[in-house]
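J.: Take this structure first; my questions come after.
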């Protein structure tokens with residue numbers, strides 16, 4: 001009939017969008033992997049800064065540094081690789097895209113995902129080194145404290161009969177009290193320093209989470225626009 005027009009199902013559009021059957025499977029997979037990975041990494045990074053680190057800050061300095069070290073070692077082995085997977089997916093979509101505006105959007109999402117690696121080196125490396133140095137100092141202090149406790153416990157079990165030994169014990173007690181008082185001052189300073197460094201690390205880590213969140217948002221918007 002003259003008022004009816006034939007259209008092929010493979011070329012028809014609805015609301016300006018091509019049907020999903022026109023999109024190749026590798027494109028769909030890249031879209032899913034890129035957006036999902038970036039969103040998951042963003043959630044993990046933000047959760048670390050908003051939830052995990054505040055709980056770690058309730059710990060004493062030596063335990064705080066040990067817990068942060070475990071978190072740091074696990075993260076550095078996972079987050080860079082996962083972010084590069086997300087970036088690779090976005091850049092693949094940019095390579096396959098013919099629309100110039102969408103191409104720029106995919107490229108921006110890929111740059112944001114991969115950007116957390118140079119961001120870490122440029123803004124967080126100094127804090128990381130300071131924290132790792134504090135961890136080494138704390139471990140050395142714990143080891144020296146154990147040696148001192150062993151010496152003190154071994155000396156207390158002995159019986160001295162001479163006045164010379166009594167004088168030595170009194171001098172040891174006075175020196176021990178001085179050491180403990182100075183140790184308390186050092187621990188208070190270390191407490192402030194360690195907690196301030198970890199808190200600063202959490203603030204800097206927010207930047208990585210926001211970059212990944214922006215990458216996932218740009219990717220999702222590029223699909224639906």
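J.: Listed residues 114, 138; which is at pLDDT 95 or above and either surrounded by 12 or more Cβ atoms within 10 Å (Cβ to Cβ) or farther than 19 Å from residue 198 by Cα (or both)? Even if it seems obvious, please write down each step before you answer.
T.: Details: 138 fails: at pLDDT 95 or above.
Within the list 114, 138, the selection yields 114.
J.: Suppose we filter 93, 84, 103 for residues that are surrounded by 20 or more Cβ atoms within 10 Å (Cβ to Cβ) and not in a loop (DSSP other than H, G, I, E, B); which single one remains?
T.: Details: 84 fails: surrounded by 20 or more Cβ atoms within 10 Å (Cβ to Cβ); 103 fails: surrounded by 20 or more Cβ atoms within 10 Å (Cβ to Cβ).
Checking each option against the conditions leaves just 93.
J.: For residue 21, all conditions in the list (1) surrounded by fewer than 17 Cβ atoms within 10 Å (Cβ to Cβ); (2) more than 24 Å from residue 221 (Cα to Cα); (3) modelled with pLDDT under 95 hold save one; what is the number of the exception?
T.: (2)
J.: State all residues of region 36-49 that are more than 16 Å from residue 80 (Cα to Cα) and touching a residue at least 60 places away in the same chain (Cβ under 8 Å); if no residue qualifies, say none. Give the steps one after another, and end with the answer.
T.: The initial filter retains those residues of region 36-49 that are more than 16 Å from residue 80 (Cα to Cα), namely 47, 49.
The answer is 49, and nothing else.
J.: Given the conditions (1) assigned to a helix (DSSP H, G or I); (2) under 20 Å from the mean Cα position of the chain (by Cα); (3) at pLDDT below 95, which single one is not true for residue 59?
T.: (1)
The values are calculated or read from the model by the stated rules, or taken from the named source; none is laboratory data. Predicted model only: the values in this text are computed from it and were never measured. Using ideal geometry, Cβ is built from the backbone for each residue, glycine included, and neighbour counts are taken over all protein chains shown.
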